[in-house]
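The values are calculated or read from the model by the stated rules, or taken from the named source; none is laboratory data. Predicted model, so just to flag it, every value in this text is computed and none were measured. Cβ placement follows ideal geometry from the backbone for every residue including glycine, while neighbour counts extend to all protein chains displayed. These area figures cover heavy atoms from the full protein model, side chains too; ligands, DNA and RNA do not enter into them. Shrake-Rupley method; radii C 1.70, N 1.55, O 1.52, S 1.80 Å.
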Amino acid sequence: MIRAIEWIGETEGYLQLLDQTRLPNDIVRLSCREVVEVFEAIKVLRVRGAPAIGVAAAYGLVLSIQRVDGSRRACEQLVKAADLLKGARPTAVNLAWAVERLKAFAGARISLPVAEFQRAVLAEARKIDHENAAMCKAIGQHGVGLIAQGMGVLTHCNAGALATSEYGMALAPLYLARESGVDFAVYVDETRPLLQGARLTAWELSQQGINVVLICDSMAAQVMKEGRVQLVIVGADRIAANGDTANKIGTYGVALLAKAHGIPFYVAAPSSTFDLSLANGTAIPIEYRGDQEITEGLGKRTAPEGIKVYNPAFDVTPAALISGIITENGILKPSELQK
Ligand code: MRU
């Protein structure tokens, strides 16, 4: 399985990221030795996907306490780095979740000698990474029963190994089904404007020998009408207490189409994606990104100079459109999240 994030070495080590802005054409691994480099990588989507940016940020905090004298000073540096990293992207709650977890962990160990403090923080970052990998596997095991022989499955954006520590969220059930010999086709929305579906999901799934059919986002309705899709699985960036789910822009449209065609629509997400402090999806912060993501493509301008642009990177799918949420603890109805 592809590893998008790897910590190399021990406390004096560095973070290695697979640069996802270069896929599928170039496989380039990037070494981050400073927390600002991790911030930049998250901001411009060199590393992306809700769980992955949480894991990358945790290792970013490890970088922030290298070469610092004294645990108190190291902890101050870590808190500063935590504020910086949390601001990189607002929608995926996993980012704030991982950063806050490590901040609390470090704060409780301030009395340790600095070398021990650094070792402990690295061990906790690794734990977040390994826990994420285990959650992916468990999500796959709970979701694999949804995949039947000969089925067409549609997915949006990339919620695969590239977006997590391993296996992925939405793609984990597909990998496990494939491992047990089930044959199916995956219809991959290209996912405008940054093409995570075309560049990342299509690449990732075909690397694993899965039958991929790439479609433009605007083809999903027709493909469903033709009876080619029996199941939709997507990931999530943040799920409110009532089950309303934020995910890549376009997911809401796919959910509406699935409803119109009587196709089950599942969200695959770990519990670190739940934000039970929000009653419903209206309070989920949505990230707005630069105009050029829409006005430029294929290395040239694709819209008139000076045109007004609206570019929300995420939308919120109402719980009523969601058949189930595949978590590491089983498949839940959106109304069961708080139990
Ligand atoms: O902007 P991105 O590429 O970070 O958006 C990613 C998604 O929307 C994924 O579907 C989501 O993070 C789930 S990843 C398991």
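Lys and Arg at +1, Asp and Glu at -1: add these up for the other residues within a Cβ distance under 14 Å of residue 15 and post the number.
Taking every other residue near residue 15 into account, the sum is -3.
Could you work out the local net charge near residue 147, counting Lys and Arg as +1, Asp and Glu as -1, over the other residues with Cβ closer than 14 Å to its Cβ?
Counting the neighbours of residue 147, the net charge comes to -1.
Can you put 226, 12 in order of accessible area, largest first, using a 1.4 Å probe?
12, 226
List the GluC sites (Glu not before Pro) within the range 253-339 that DSSP assigns to loop and that have no more than 13 neighbouring Cβ atoms inside 10 Å.
305
Quick one: what does P(r) look like for the chain with 20 Å bins over all Cα pairs, in whole %?
Histogramming the chain at 20 Å steps yields 32, 57, 11, 0 percent.
Calculate the length of the line joining the C-alpha centroid of the range 204-265 to that of the range 127-165, in whole Å.
14 Å
Cross-link candidates for residue 300: which aspartates and glutamates have Cα within less than 17 Å, leaving aside residues fewer than 8 places away along the same chain?
291
With N denoting the number of residues in the range 24-116, provide Rg(C-alpha) divided by 2.2 N^0.38 Å, to two decimal places.
Compared with the compact-globule rule of thumb, the range 24-116 sits at 1.10.
What angle do you read, to the nearest 10 degrees and between 0 and 90, between the alpha-carbon axis of helix 114-143 and the longest principal axis of the chain?
Between the helix axis and the principal axis of the chain, the angle is about 10 degrees.
With every protein chain present, what is the per residue accessible area of the range 1-44 (1.4 Å probe, Å²)?
Ligands and nucleic acids excluded, the figure is 50 Å² per residue.
Please list, or write none, the lysines whose alpha carbon is within less than 18 Å of the alpha carbon of residue 225, excluding same-chain residues fewer than 8 places away.
259
Calculate how many DSSP beta bridges within the chain are antiparallel, expressed in % of all such bridges and rounded to the nearest 5.
Within the chain, antiparallel bridges account for around 50 percent of the total.
What 222 nm value per residue comes from the helices of the chain, counting each DSSP H run with n ≥ 4 as -39,500 (n - 2.57) and dividing by all residues, nearest 500 deg cm²/dmol?
Calculated mean residue ellipticity at 222 nm is -11000 deg cm²/dmol.
Let me know the Kirkwood hydrodynamic radius for the range 214-339, please, with Cα pairs as the basis and the value in Å to one decimal.
Kirkwood radius, the range 214-339: 15.8 Å.
Take residue 111, project a point 7 Å from its Cα along the Cβ direction, then tell me which residues of the range 60-74 have their backbone nitrogen under 18 Å from it.
The answer is 70-74, whose backbone nitrogens lie closer than 18 Å to the label point.
Looking at the range 117-176, which trypsin sites (Lys or Arg not before Pro) are in a loop (DSSP not H, G, I, E or B) and have at most 15 other Cβ atoms within 10 Å?
none
Which entries in 43/80; 86/248; 127/248 show an alpha-carbon gap greater than 22 Å?
Too far apart for the 22 Å limit: 127/248.
Given +1 on the Cβ of Lys and Arg, -1 on the Cβ of Asp and Glu, and no further charges, what dipole in debye does the range 30-90 carry about its Cα centre, rounded to the nearest 20?
Dipole magnitude for the range 30-90 comes out near 120 debye.
Any chance you could run the full-extension gain for residue 288 through residue 10? It's 0.36 nm times the residue separation minus the Cα-Cα distance, nm to one decimal.
Once the chain is fully extended between residue 288 and residue 10, it gains 96.4 nm.
Please list the equivalent ellipsoid semi-axes of the range 59-210, computed as the square roots of five times the alpha-carbon gyration tensor eigenvalues, in descending order and whole angstrom.
38, 17, 11
Leaving ligands, DNA and RNA out of it, report the carbon-plus-sulfur percent of the accessible area of the chain at a 1.4 Å probe.
52 percent
Residue 290: net charge of surrounding residues, Cβ under 12 Å, Lys/Arg +1, Asp/Glu -1, itself excluded?
-2
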